[in-house]
Amino acid sequence: MKDCTGKREYGGERFGRISLEEMESYYRCTQCCQQLQNDILQREDGPFAAEIGHELQKQFAILPGGRGMNGNPIIVFPEFPDFSELEEEEVQNVLSYLSSIPSVAASGVGFNLVIDRRLDRWAAVRATLLRIAGSFPGNLHLVLVLRPTTLLQRTLSDFLFKYNRDEFKMKVVMLSSVTELHAYIDPGQLTTELGGTQEYCHDSWISHRTAIEAFALMVKTTAQTLQAFGTELAETELPNDAEATINLLHTHTLKKDKMKEDLQVALSQGGRLLECINEPLQTDPEYSMTYDELENLATVQRLLGQLDETQTAFDDFWERHHTKLEQCLQLRHFEKHFREVRPQLDVTSERLSGFSEVSVSPAHAEHVLRELSSHEDKACDVLDRALSLASEGDRLIENSHYAEDSIRPKCSELRGVCEEISSTLRNKKSLLLTALELHHALEKASRWCEDGIFLLASQPVDRCQSQDGAEAALQELERYLDTAPLHTLADRSAICCQYEAVLTTQLMDQVERVFQKQISVQEMFEKRRISLKKLAAKQTRPVQPVAPRPEVKSPLSSPNQERKERRYSADNAICKKVESPIHNGGTRHASLSEEEENLAVLRRHVMNELLETERAYVEELLCVLEGYAAEMDNPAMAHLIPSTLLSKKVVLFGNMSEIYQFHKRTFLKELEAYTDCPELVGRCFLERMKDLQIYEAYCQNKPRSESLWRQCSDCAFFQECQKKLEHKLGLDSYLLKPVQRITKYQLLLKELLKYSKGCDGCDDLQEALSSILGILKAVNDSMHLIAITGYEGNLSELGRLLMQGSFSVWTEHKKGHAKVKDLARFKPMQRHLFLHQKALLFCKRREENGEGYEKAPSYSFKHSLSMSAVGFTENAKGDNKKFEIWCNSRDEVFIVQAPTPEIKTAWVNEIRKVLTQQLKACRDASQQKSSDSVFPSPNSNNTSISLSPFRSSGQKNQKKQEEKKAETSMMSDSSSSPKHKGWNKASLSVDASEENDGYSSSEDPINSDAEDEGGRKLAPGKYTVVADCEKAGPQELSVKSGDMVQLIREGEEGQWFVKNLRSSKEGWVAAANLLSLISESKSSQSLSSSDGSVSGNLSTSSSCSETYTSFSDIKP
């Protein structure tokens, strides 16, 4: 056995094994059990009753349990005629077994053998004696032989025994009767067959011997097992982790239970054996046990007692070992929890150190304070766990844990870190509350100043001209000034002293600005008070009566003129004082200044809302990415993620990470740069308009994200993440934030634009708003485009999507000019049309089942028309909601009915615009050739038509309205003069088309000769521009599509001096560019002359239906 008194280092702590004294006491118990078993079995390798039961059943030798005069064990050889026929091995086994049963002391005295051969012959007696003499293994004291009783055999035995006595080599006594036997052995020690009184049952004897030997063997095996198990427990090394400790404890407990079960079985069997030995006494109290029975009884009783002591020793030994294992398990759990809590404390401390006490605004301070409070709640959970773990360690120490030296330092460390975190939390919270208090004071003072400015701006100047009005306004100012002590900051030095702990450079600047603002507002109030006091002190001049005279109206005035003047007066009340600039000049100047200040305040309000919501939006995106997306890669949360969500992070979150990086790193910082000049923030949007197109990919992925969310919304992963983040709303609400944000921008830009009229950045704001609206339209259109199924080509090759909507469509198949309708459809088809720059797609709308984004429709592709081979009739069948569209062959005509006349008009205008652009492309190519010969160096790159939806959506809308007005005017002119000179061909074409139900030939009804176009000269007048033209030099003028321009005079080198009536700017424009723009406008009815002379107007029929064809057949 190994030395168990030593101590060793293991798992970071010292512990002692079970003491040597305890092990030796336990071993002594088990060895006593083995010794008793040896006392019963006498030898290790001898035969047992169970092994030689067949030989014992022959009963040629028995051990009845009697003793001789000197206590010699008696072995009886009953009559057995076939003794000579027994195998030598059988005789040897039986004699060896019988001689091993008596105790060592009794066997040492020597055995007495009683051989009963009264019915046998002398020869058999002699053979038996010789065989016994040669095979008896024990010490023989005396051999008593009952010789044969027949006369002949008795005579022969007397004679031959004397002759052969020395041959037997043992003391043999020949007896003639049992009476002579009683002289050597007491009858009480002999069985009834030998004239004794002892009762003997050989079967019972064999059964008892088998049970005793089995019990002895069981005791020996149990003792050996207990000893081996004790050695294993004593030499077991404690594991380093809780799981291994649990497994070891479970294994040892199972083995202990098996040992206990074996002990109980042994004790139970010993008890039954004891009852069997005592059974004769229970039946007959007068029964006298033999010496062997008494020895067996004593031995079994001692063995049972020793087994009981061994069980007690084992229980005590196991209790110590079990306690050791339980303490080890407690230690492993403590260490595991310590390893979990300690990094959490570090993370909590690190995140806490990242919270700045500095804040730039009240909203920012409240946001940081909310975040700190949220972090404080999470930190409290960690602190509670840490302190609870420290208390658990204290309990282990109080219960005399063997690893006290390892537990105590960890408890002290936990308490120290918890106290440090709690102190930091209190300090940061106190500083943030102080900063928030300062921000509120500054905001309160600033709001008071702004409200004062509003008050000054809202006082009507005309009402203050009377004495009563001036006094009322003065009282209003006085009342407002009385509230100043409750709202304004009084002492700068006191503020600096009170908030010294949180005053940063930025905050100090804010304090200075607020004080300066207070001074400025008070000065404004003081000036207003002085003015109002002067007005209130004026004496009312007496009214002199004058004779009435009739009112004379100016013949030039008109009701429209008066309404216009009244509206202008209501919009700008200050203009009323222009009539007396000498007396009211100062008042007018003050009113304008106050109005500007008022608008500036409103712009700052909108800008603050933009910045605050932008910061909150960035924080929400970060929260989603860290609290949900990052947790999907956390191994600790993997078991909560359902199989349908695995590897679907990109589907669920789309490009939210890209959106967050753009806003965090770029857009938010650039917006903050415009804090002091909100009217210029449109430039920021314009510069980042391409970056904002990342929202299109996010919105396109939103249906897939929504579908995946609905499948997994109830899973434990999202619930656990929401619980950690302490969000009241689910993830789906936060996944909608980017969609809501991109739509929020256009509302904020509209507000800024409303308060920035006349400012430097007004045009940029207007363009930014138009671009944002263009993004929203592109996003909406793309959501429909991705739902198209069945189109084999590439949709991106069809050009930009211009319009899309649902219509009722009839199809007519026509053959030549005979109006033969083949397979005409009387019931309309419901089709969703997609108008691209290069094609018109007909799709069938299919509603999908589901909710939210899952209910978004899909579109099955049915048919397409190439815009390079398309013609259309504006009014069909006399219905103002229908129009026709066909290819040049007119084999198949589509009659399209819009939901409303307005929608039909919008589509017709857009289709006309596409066809007009195709015509322009052809004419540009023709003009390029003629311009190269007429104008040697024109700047051909100056004129370009914008196709991007992100830059010209506002221009497009404005242009559309102006074109509509121009067309209305031109249509009226055409209808009034249907036979306009030079348009006979067009008139005939229209008449033909009307006659043939809109049929168009390959001739272009609105095309003009390229030579006429090249030879026509420009004339002064007003025109509408349909394409952008950037200036090539500092003195040149740039125009945009939709602008109204006036040609003033022609200069040298093919230049025209032009005035842009929209921007009121003037400059020079190359005649080549003007010819291109104006020739196109007159051809396509997009330009109108100011003098009303329209050349090239379309003549229409009485139904006013216009027919347009494609320009693919026009040769440049």
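The simple Förster model, with R0 at 35 Å and r as the Cβ-Cβ distance, assigns ILE903 and GLU658 a FRET efficiency of 0.45. Roughly what percent of Cα-Cα pairs across the stretch 207-350 reach past 28 Å? Percentage above 28 Å: 45. Distance between the C-alpha centres of the stretch 98-162 and the stretch 329-396: 97 Å, rounded to the whole angstrom. Note on exposure: LYS904, LYS862 ranked by accessible area (1.4 Å probe, complete protein assembly) read LYS862, LYS904, with the most exposed listed first.
Here's how it looks for ARG800: its modeled amide H is under 5 Å from those of GLN837, which are all 5 or more places away or on a different chain. For the set HIS639, HIS401, HIS337, solvent exposure ranked by accessible area (probe 1.4 Å, protein chains only) runs largest to smallest as HIS639, HIS337, HIS401. Separation of the alpha carbons by more than 19 angstrom is noted, of LYS904/LYS1040; LYS1022/LYS1059; LYS838/LYS862; LYS669/LYS690, for LYS904/LYS1040. Of LYS754/LYS913; LYS723/LYS744; LYS777/LYS913, which pairs sit farther than 25 Å apart, going by alpha carbon to alpha carbon? Exceeds cut-off: LYS754/LYS913; LYS723/LYS744. Annotation: peptides 285-291, 876-882, ranked by per-residue average of other Cβ atoms within 10 Å with the highest first, follow the order 876-882, 285-291. Round to a whole angstrom and tell me the spacing of the C-alpha centers of the stretch 251-288 and the stretch 600-645. That distance is 76 Å. Scalar couplings 3J(HN,Hα) for the stretch 270-287, obtained by applying the Karplus form with A = 6.51, B = -1.76, C = 1.60 to θ = phi - 60°, are x, x, 5, 5, 5, 5, 5, 5, 8, 4, x, 5, 5, 6, 10, x, 7, 5 Hz; x denotes Gly and Pro.
The 3J(HN,Hα) values that the Karplus relation (6.51, -1.76, 1.60; θ = phi - 60°) gives for the stretch 237-245 are, in residue order, 8, 6, x, 9, 9, 5, 5, 5, 5 Hz. Gly and Pro appear as x.
Net charge dipole, the stretch 233-388: roughly 760 debye, given to the nearest 20, about the Cα centre with Cβ charges of +1 for Lys and Arg and -1 for Asp and Glu. With R₀ set to 25 Å, the beta-carbon distance separating GLU286 from GLN57 gives a calculated FRET efficiency near 0.25. Here the Karplus curve 6.51 cos²θ - 1.76 cosθ + 1.60, taken at θ = phi - 60°, turns the phi angles of the stretch 143-148 into couplings of 10, 9, 10, 8, 6, x Hz, with x standing for Gly and Pro.
Tell me whether the stretch 54-103 comes out rounded, prolate or oblate; compute the Cα gyration tensor, take square roots of the eigenvalues as a ≥ b ≥ c, and use a/c under 1.5 as the rounded threshold. Prolate shape, in that a/c is at least 1.5 and a/b is the bigger ratio. Cα centroids of the stretch 767-803 and the stretch 859-887: 20 Å apart.
For LEU144, the residues whose modelled amide H falls within less than 5 Å of its own, excluding neighbours fewer than 5 places apart on the same chain, are LEU113, VAL114, ILE115, VAL173.
The values are calculated or read from the model by the stated rules, or taken from the named source; none is laboratory data. Bear in mind that the values here come from a model prediction, so they are computed numbers and not experimental data. All Cβ positions, glycine included, derive from the backbone under ideal geometry; neighbour counts span all protein chains shown. Surface areas here come from the heavy atoms of the whole protein model, side chains and all, with no ligands, DNA or RNA. Shrake-Rupley method; radii C 1.70, N 1.55, O 1.52, S 1.80 Å.
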